[in-house]
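The values are calculated or read from the model by the stated rules, or taken from the named source; none is laboratory data. Computed from a prediction, not measured in an experiment: that's the story for all the values here. Using ideal geometry, Cβ is built from the backbone for each residue, glycine included, and neighbour counts are taken over all protein chains shown. These area figures cover heavy atoms from the full protein model, side chains too; ligands, DNA and RNA do not enter into them. Shrake-Rupley method; radii C 1.70, N 1.55, O 1.52, S 1.80 Å.
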Amino acid sequence: PTPKLLSNISIPSTNVVSACDVSNLADDKEIWCYCVKSGKSYFLNASIKPVDADTVLDTDASEKTEDFKIKMDSKVVGIKIIADYKAIVIVLENGLIQYYDFHLQKLSSLDISYQNVEVVNYFSENGQNFMFVLCEFEKNKVCFKLFELLYHDGKRQTPIQELSTTILENFNLDQSKLCYQSGKLYQLEGSAIKTYALPQCHLVQTTHVPMI
């Protein structure tokens, strides 16, 4: 069958999307969260809308959509919606990790002490939620940080728990292709594939591929 467009979000052509995520919610709803750059400012947007076809195709569907928008202090480089937590995890380029509820009310914020966050990767293992970031702070020198993302119950000082920090030298982010799988981070740079093992992100293997 021919695919049909059921819903869309209109974004001006002059805006640039820096990060986004979508997640299903209860009661046949879903939430879209995305950050756009408009002019020199960054805005975080959230839209909660119905997902069943009858409602989506209804001409009054827009009346059943909840939209929220806030201005951010920096570019958003990572967004993860954790539906079970009823929270949105945001990573900013300036080194802030923040929790928001689905109405974009800030719940928690953590400064990781490094700016220039360039890589954000979320993953789950054994029912737990994790995230690592890579921040370039000198030429060919990168800070790796691993975090566990906990449920925000209002009792903890922060639901963002830092598990490890490692400084990686001779690590050129701009010239690298990265991939994470099963506890290992793979870096392709030039004709070399380097394998790093989490949680400390220690280099465990280098493989040369001369045909690349």
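Scanning for something open to solvent by less than 20 Å² (accessible area, probe 1.4 Å), closer than 30 Å to LEU110 by Cβ and at pLDDT 95 or above, does region 54-69 turn up at least one residue? Lay out the reasoning, then the answer.
The first filter runs over region 54-69 and keeps only residues open to solvent by less than 20 Å² (accessible area, probe 1.4 Å), leaving 61.
Pick out the ones that are also closer than 30 Å to LEU110 by Cβ and you get none.
Taking every residue of region 54-69 in turn, none turns out to be open to solvent by less than 20 Å² (accessible area, probe 1.4 Å), closer than 30 Å to LEU110 by Cβ and at pLDDT 95 or above.
Within region 138-212, considering only strands (runs of 3 or more DSSP E) that don't extend past its boundaries, which have at least 1 residues that are farther than 30 Å from SER109 by Cβ and touching a His at 6+ places or on another chain (Cβ under 6 Å)?
In region 138-212, the matching strands (runs of 3 or more DSSP E) lie at 192-197.
What do you reckon, is SER113 at positive phi and either touching a Pro at 6+ places or on another chain (Cβ under 8 Å) or not in a strand (DSSP E or B) (or both)?
Yes, satisfied.
I'd like to check something: does region 88-100 contain any residue that is assigned to a helix (DSSP H, G or I) and surrounded by 15 or more Cβ atoms within 10 Å (Cβ to Cβ)? If you could, list the steps in order and put the result at the bottom.
Just the residues of region 88-100 that are assigned to a helix (DSSP H, G or I), to begin with: none.
Checked region 88-100: no residue is assigned to a helix (DSSP H, G or I) and surrounded by 15 or more Cβ atoms within 10 Å (Cβ to Cβ).
Can you find, within region 119-164, the residue that is nearest to TYR196 (Cα to Cα) among those that are open to solvent by 10 Å² or more (accessible area, probe 1.4 Å) and touching a helix residue (DSSP H, G or I) at 6+ places or on another chain (Cβ under 9 Å)?
Among those that are open to solvent by 10 Å² or more (accessible area, probe 1.4 Å) and touching a helix residue (DSSP H, G or I) at 6+ places or on another chain (Cβ under 9 Å), it is ASN129.
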